[in-house]
1. If I ask for residues that are in contact (Cβ under 8 Å) with a residue 12 or more places away in the chain and β-branched (Val, Ile, Thr), which ones from region 275-306 would you list?
2. Is it the case, given these coordinates, that Asn218 is modelled with pLDDT of 95 or more and within 23 Å of Thr7 (Cα to Cα)?
3. Exactly one of (1) in a helix (DSSP H, G or I); (2) without any contact (Cβ under 8 Å) to a residue 40 or more places away in the chain; (3) in contact with a Lys or Arg (Cβ under 9 Å, 6 or more places away or on another chain) is unmet by Lys138. Its number?
4. Could you please find all residues in region 70-127 being polar (S, T, N, Q), out of contact with any Asp or Glu (no Cβ under 8 Å at 6 or more places or on another chain) and part of a strand (DSSP E or B)?
5. If a residue must be of a type in the set (A, V, I, L, M) and surrounded by fewer than 21 Cβ atoms within 10 Å (Cβ to Cβ), how many such residues does region 97-117 contain?
6. Among the residues of region 234-259 satisfying the criterion of being touching a Ser or Thr at 6+ places or on another chain (Cβ under 9 Å), charged (D, E, K, R) and touching a residue at least 24 places away in the same chain (Cβ under 8 Å), which is nearest to Ile205 (Cα to Cα)?
7. Given the conditions (1) touching a helix residue (DSSP H, G or I) at 6+ places or on another chain (Cβ under 6 Å); (2) under 14 Å from Asp227 (Cβ atoms), and given that Ala11 satisfies all but one, which numbered condition is not satisfied?
8. Looking at region 215-226, which of its residues are buried (at least 18 other Cβ atoms within 10 Å of the Cβ) and out of contact with any helix residue (DSSP H, G or I) (no Cβ under 6 Å at 6 or more places or on another chain)?
Amino acid sequence: MKDLKPTCSIAVVQAAPVLFDKAACTDKAVDLIAQAAGNGAELIVFPELFIPGYPYGMTFGFTVGSRTPEGRQDWKVYYDNSILVPGPETQRLAQAARAAGAWVSIGVSERDAVSATLYNSNLIFSPQGELTVHRKLKPTGAERVVWGDANRDYFPIAQTPWGPMASLICWESYMPLARVALYEQGVTLYLSPNTNDNEEWQATIRHIAIEGHCYFINCDMVFTRDDYPRDLHCPDEIARLPEIVCRGGSCIVDPYGHYVTEPVWDREAIVYAQLDMEQVPASRMEFDGCGHYARPDVLELKIHNA
């Protein structure tokens, strides 16, 4: 493992997106990047699908074998507010990262430049504005109505002063082989942009931090029923949602499975921490899952990367 910068000043942004509004989401992200950088953050992490939000609870009028014109209209609004990568919104985010002198990770709904397919993607910008893209391998459950399977950008690594950094989006982290694909690249900062606020998830993230002996950055969003646009064609679906639709739970776990910061619930917040990066190699003394504790003669992972 190459020498690591000893500490990482991180900001985990638990914030509500402006649902279905890419311009307002981008404005909010740029403001929050500047705020976090002003407080000394060198790495700023946003949740899954911060642009233009996660349409929790919506069916878009789709049932097996049929769909409604109204649902198709709502999907088209979401499509219109998904972003091209690269595109105007990524240019603004890259400029914000450069102005902040910080690494920035943010989840977006990516609109393909050729087809009409959307992808649940995570973007990582370097302080020079360089972009690394990861597309979610498999949308979860009914997410497949909205987003397609990744067709490229499977397991990219951003080489940072703190070691290799990468992301798996929400339930991708339940895929054991996807995790190993990151471990094999020596990941030290494992970013998890997600919309997963259940108690069991907290057990998962602590396990992954121990398994990978890396820092697990759990970045969830928080938003309410009142955050949905009023002109959607599914008021009954939205009315059935709880008042707080996604409760957050953002936190940071160290390479031994301990909370660096406790989960934050039910409110917007920026979670700040100083990460001791020396803990990563130290924690791997007795267990290095893809190093001295591996048995490549017995177990082998073959990755078709793109």
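1. Residues satisfying the conditions are Val280, Ile303.
2. Working: modelled with pLDDT of 95 or more: yes; within 23 Å of Thr7 (Cα to Cα): yes.
Here the answer is yes, as Asn218 does meet what is asked.
3. Condition not satisfied by Lys138: (1).
4. Narrowing region 70-127 to residues polar (S, T, N, Q): 73, 81-82, 90-91, 95, 105, 109, 115, 117, 120-122, 126.
Okay, now just the ones that are also out of contact with any Asp or Glu (no Cβ under 8 Å at 6 or more places or on another chain), so 73, 90-91, 95, 105, 109, 115, 117, 126.
Within region 70-127, Ser105, Ser109 qualify.
5. Residues of region 97-117 of a type in the set (A, V, I, L, M): 97, 99-100, 102, 104, 106, 108, 113-114, 116.
Applying the additional criterion that residues be surrounded by fewer than 21 Cβ atoms within 10 Å (Cβ to Cβ) yields 99, 113-114, 116.
Summing the residues that are of a type in the set (A, V, I, L, M) and surrounded by fewer than 21 Cβ atoms within 10 Å (Cβ to Cβ) in region 97-117 gives 4.
6. Applying the filter and picking the extreme gives Asp254.
7. Going through the list (1) touching a helix residue (DSSP H, G or I) at 6+ places or on another chain (Cβ under 6 Å); (2) under 14 Å from Asp227 (Cβ atoms), Ala11 breaks only (2).
8. So in region 215-226, the residues buried (at least 18 other Cβ atoms within 10 Å of the Cβ) come out as 215-223.
Within region 215-226, Tyr215, Ile217, Cys219, Asp220, Met221, Val222, Phe223 meet the criteria.
The values are calculated or read from the model by the stated rules, or taken from the named source; none is laboratory data. Please read these numbers as outputs of a predicted model, since none were measured by experiment. Virtual Cβ from ideal backbone geometry, glycine too; neighbours counted across all protein chains shown.
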